[in-house]
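The values are calculated or read from the model by the stated rules, or taken from the named source; none is laboratory data. These numbers come from a predicted model, not from an experiment. Backbone-built Cβ (ideal geometry, glycine too); neighbour counts: all protein chains shown. Areas reflect the complete protein model, heavy atoms only, side chains present, ligands, DNA and RNA absent. Shrake-Rupley method; radii C 1.70, N 1.55, O 1.52, S 1.80 Å.
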Amino acid sequence: MANVSYIARNGINEFLEIGTEKSHGTKIISISGDVLNPCVAEVDFGVNLLRTIEEYTEIKPNQVVAIAPGTSRVIYDCRSLTIDYESFKAAGSDLGTGNIAVFTSTDSLKFHIRNSIFFL
């Protein structure tokens with residue numbers, strides 16, 4: 001629904017030019033976890049995840065230990081991860097609704113995993 005107004009104003013062809021070959025348009029993501037200012041952002045599909053995290057949270061790429069997208073599998077190697085469904089699937093996880101928890105320490109990651117297990 002977030003893309004309807006853009007498509008109505010600019011047309012479907014322009015919308016399909018944004019993003020990747022299989023993930024068209026934009027994605028609304030939320031970034032939380034070990035960040036000072038959790039946020040919600042709309043980004044083009046295909047942008048680099050670590051650069052996006054740095055842009056919106058000022059967390060440097062080398063500080064990221066892992067990310068947890070929603071309740072999906074934790075991803076430890078984020079260096080080449082882009083925000084699109086194919087990249088997350090190739091990493092063994094899922095982009096889902098775009099909730100991305102960022103971890104800069106193994107202690108906070110352990111805490112998150114422990115809480116997730118109790119939640120399930």
Looking at segment 110-120, which of its residues are among the polar types (S, T, N, Q) and open to solvent by 70 Å² or more (accessible area, probe 1.4 Å)? ASN115
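Just give me the residues in segment 14-45 being part of a loop (DSSP other than H, G, I, E, B), surrounded by fewer than 13 Cβ atoms within 10 Å (Cβ to Cβ) and touching a residue at least 12 places away in the same chain (Cβ under 8 Å), in sequence order.
Taking segment 14-45 as the starting set, the residues that turn out to be part of a loop (DSSP other than H, G, I, E, B) are 17-18, 20-23, 25, 34-38, 45.
Subsequent filtering for residues that are surrounded by fewer than 13 Cβ atoms within 10 Å (Cβ to Cβ) retains 17, 21-22, 36-37.
Across segment 14-45, the qualifying residues are LYS22, LEU36, ASN37.
Just to verify a result, which residue in segment 89-109, among those that are part of a helix (DSSP H, G or I) and more than 21 Å from LEU36 (Cβ to Cβ), is least open to solvent (accessible area, probe 1.4 Å)?
First, the residues of segment 89-109 that are part of a helix (DSSP H, G or I): 89-90, 106-109.
Applying the additional criterion that residues be more than 21 Å from LEU36 (Cβ to Cβ) yields 89-90.
Details: LYS89: 157, ALA90: 93 Å².
Once the filter is applied, the top-ranked residue is ALA90.
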Those residues of segment 34-70 which are under 17 Å from ALA91 (Cβ atoms), within 12 Å of the chain's Cα centre (by Cα) and not aliphatic (A, V, I, L, M) amount to PHE45, GLY46, ASN48, ARG51, THR52, PRO69, GLY70
Exactly one condition in (1) within 21 Å of GLU21 (Cα to Cα); (2) within 13 Å of the chain's Cα centre (by Cα) is false for ALA90; which is it? (2)
Identify, please: which residue in segment 46-88 is part of a loop (DSSP other than H, G, I, E, B) and touching a residue at least 40 places away in the same chain (Cβ under 8 Å) and is, among those, surrounded by the fewest Cβ atoms within 10 Å (Cβ to Cβ)? THR71
